[in-house]
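The values are calculated or read from the model by the stated rules, or taken from the named source; none is laboratory data. Computed from a prediction, not measured in an experiment: that's the story for all the values here. All Cβ positions, glycine included, derive from the backbone under ideal geometry; neighbour counts span all protein chains shown. Areas reflect the complete protein model, heavy atoms only, side chains present, ligands, DNA and RNA absent. Shrake-Rupley method; radii C 1.70, N 1.55, O 1.52, S 1.80 Å.
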Amino acid sequence: MLDVLRILEQDGRVPAAEIATRLGRPLEEIQQALAEIEARQLIVSYGALVNWEKVSDDRVYAFISVEAEPEHGRGFDTVADHISRFPEVHSLYLMSGTADLQVVVEGNDFRAIARFVAEKLAPVPGVRSTSTSFVLKTYKAEGRLLAESGGDHRLAVTP
Amino acid sequence: MSGPPRLSKMVQNLPPSGIREFFDLVIGMDDVISLGVGEPDFVTPWHICDAAIAAMRRGMTSYTSNLGLMELREAIAADMQRRWGVAYRPETQIIVTVGVSEGLDLVMRALLDPGDEVIVPEPCFVAYRAAVLMAGGIPVTIATREADEFRLLPDDLEAAITPRTRALLIGYPNNPTGATMSREDLLAIAKVCSEHDVLVLSDEIYALLTYEGQHTCFASLPDMYERTLVFNGFSKAYAMTGWRLGYACGPEYLIDALNRLHAYTVMCAPVSAQVAATEALRHGDGDMQRMVAEYDQRRRLFVKGLNDIGLPCFMPRGAFYAFPRVGHLGLTSKEFSRRLLFEQKVAAVPGTAFGACGEGHLRCTYATGMQQLKEALDRMGRFVDTLRQEGASAAS
Ligand SMILES: Cc1ncc(COP(=O)(O)O)c(C=O)c1O
């Protein structure tokens with residue numbers, strides 16, 4: 001099961017038959033594992049890691065540190081749930097350290113994000129303060145290097 | 001008028017590597033998928049590079065002791081003990097070399113007088129025969145067979161031994177076949193070596209790339225510790241070919257003999273590579289295991305693919321090579337790889353580069369990205385179909 005997840009984490013398009021060959025397992029076993037993985041939502045979705053900086057520049061990301069008011073018995077869950085429902089929010093984490101929540105926001109330009117923070121995020125009940133940092137360039141995302149790789153430096157034939 | 005100065009007879013007689021010949025064909029061609037490479041497609045894990053960079057910043061840029069940095073030799077000793085259960089004293093029984101390549105050259109020069117023989121089972125790494133020849137020795141080759149899974153058989157070894165035999169040179173897991181030898185297989189070889197008092201030079205550079213069964217270090221076999229020199233290195237398992245670092249472990253008198261030559265030849269292995277290797281041994285397990293797991297998946301996919309397109313392939317259990325049969329399609333290995341290159345732009349090395357008994361086979365490296373392996377299989381399949389059609393029209 002772990003092996004199957006690792007393969008799909010690298011490449012979500014690998015068919016079951018190939019996974020079976022690569023792992024040296026019967027096809028039925030892999031199909032069963034995949035059914036279970038999907039039933040238990042161990043894989044949440046199959047998407048592509050797009051390098052948007054290469055496609056166009058009308059997409060901007062910001063990392064926003066949020067200090068929030070915890071709620072008795074629920075901690076930060078209510079305020080986090082509220083924030084996470086905005087479609088502009090790309091990801092959201094509860095953090096250790098000074099800020100309580102880390103919000104990653106996606107927008108068409110800097111102004112759109114500034115507006116989102118001022119008009120939507122900051123007024124959310126329980127949000128005490130926000131501190132916004134814009135992403136200027138992505139070097140690595142989801143474990144993959146996005147800069148041009150060095151390429152294959154090996155000679156074509158070696159002993 | 002005289003030409004350039006005469007070269008030594010030894011150099012004049014040294015056959016060019018079959019690999020070199022093939023390399024000359026490939027350079028300058030575009031869009032070639034290369035399965036001809038004897039090294040990993042991964043780059044060296046970053047923590048290893050980082051350790052070397054940090055050492056350079058600290059000013060570690062000088063010679064080391066001839067045998068190598070003590071902390072590296074200690075790490076090697078710990079590794080040999082932990083993985084293979086063999087104890088070596090770092091002070092006297094381990095020498096750090098410029099790759100296993102240097103170690104092989106040193107040991108042949110240390111052992112051989114003109115006319116002395118070294119037994120070399122083939123197909124094998126291209127430098128084995130050459131190392132013997134360069135030291136004035138005579139390589140006595142033994143052909144291993146696909147039917148025996150390219151293992152060395154004790155009877156064949158026994159038949160090759162003469163009064164001039166100084167050593168047996170083996171390399172398992174094997175380049176180019178991917179064959180391994182089980183502990184039982186090796187015990188039978190050890191018995192013959194004991195009986196005939198033959199020294200064993202065991203190149204175990206692919207030991208960590210063993211996918212089925214357990215690797216056995218030759219020196220760990222009963223009675224073999226004193227008559228075995230083990231070679232190993234960082235090139236393959238840690239993806240460090242360009243760092244040029246290896247080592248040899250064995251009886252003190254042999255290490256001392258190697259060191260006498262080594263001290264004059266290179267003085268010591270490069271210090272930054274030694275620092276990197278120390279890091280690899282101390283903290284490299286995780287990255288190494290991830291690479292091994294990836295090779296293992298490619299191995300299954302690629303070997304199945306070869307069999308499916310009609311190139312029957314014995315299942316390699318180690319290293320990162322597949323050695324499919326191509327002879328049944330009517331071409332020699334050389335013609336096959338030449339036409340495969342020109343017609344489908346896939347580079348793979350003819351089996352004969354690794355010994356005459358490699359005829360009828362092709363060496364394909366699967367240390368190549370999964371997508372490229374699949375594309376290579378498609379192209380090779382088309383080439384096999386072409387050859388079949390040629391065969392059919394010639395027959396009608
Ligand atoms: C069997 C074998 N031994 C030794 C070597 C050389 O290794 P190194 O890079 O340590 O000189 C190779 C490299 O291809 C090999 O395949």
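Here are a few things to note about the model shown:
- When the alpha-carbon atoms of chain A are used, the pair Rg, Dmax equals 20.9, 68 angstrom.
- Secondary structure note: in chain B, about 40% of the DSSP beta bridges are antiparallel.
- Taking B:K334, B:K345, B:K236 and ordering them by how much accessible surface each has at a 1.4 Å probe, largest first, produces B:K334, B:K345, B:K236.
- Packing rank of B:120-127, A:68-75, A:113-120, where each peptide gets the mean count of other beta carbons within 10 Å, highest leading: B:120-127, A:113-120, A:68-75
- Excluding same-chain neighbours fewer than eight residues apart, the lysines reachable from A:K54 by a Cα-Cα span under 20 Å are A:K137, A:K140.
- Peptide ranges A:85-97, B:82-94 listed from the most packed, as the mean C-beta count within 10 angstrom indicates: B:82-94, A:85-97
- 222 nm mean residue ellipticity, helices alone, for chain B (DSSP H n ≥ 4; -39,500 (n - 2.57); rounded to 500): -13500 deg cm²/dmol
- Counting, for every residue in B:28-39, the Cβ atoms of other protein chains within 10 Å of its Cβ and taking the mean gives 3.
- Net charge dipole size for region B:62-284 [Lys, Arg +1 and Asp, Glu -1 on Cβ; Debye, nearest 20]: 600 debye
- Among B:S202, B:S333, B:S62: highest mean-square fluctuation, GNM of chain B, C-alpha pairs under 10 Å: B:S62
- By accessible area with a 1.4 Å probe, ligands and nucleic acids excluded, highest first: order of A:W52, B:W46: B:W46, A:W52
- Using Cβ point charges alone (K and R +1, D and E -1), the dipole size of chain B about the Cα centre works out to roughly 640 debye.
- Averaged over A:86-95, number of beta-carbon atoms from partner chains that fall within 10 Å: 0
- Peptide A:17-25 has a mean shielding of 5, counted as Cβ atoms of other protein chains within 10 Å of each residue's Cβ.
- From the alpha carbon centroid of region A:82-119 to that of region B:245-274 is 59 Å.
- When nucleic acids and ligands are ignored and a 1.4 Å probe is applied, A:S65 ends up with an accessible area of around 40 Å².
- Antiparallel DSSP beta bridges within the protein assembly as shown, percent to nearest 5: 65 percent
- Between the alpha-carbon centres of region A:36-73 and region B:167-235 there is a gap of 51 Å.
- Cα gyration tensor shape of region B:319-396, rounded if a/c is under 1.5, else prolate or oblate by comparing a/b with b/c: oblate
- When +1 charges are put on Lys and Arg Cβ atoms and -1 charges on Asp and Glu Cβ atoms, the dipole computed for the protein assembly as shown relative to its Cα centre reaches about 880 debye.
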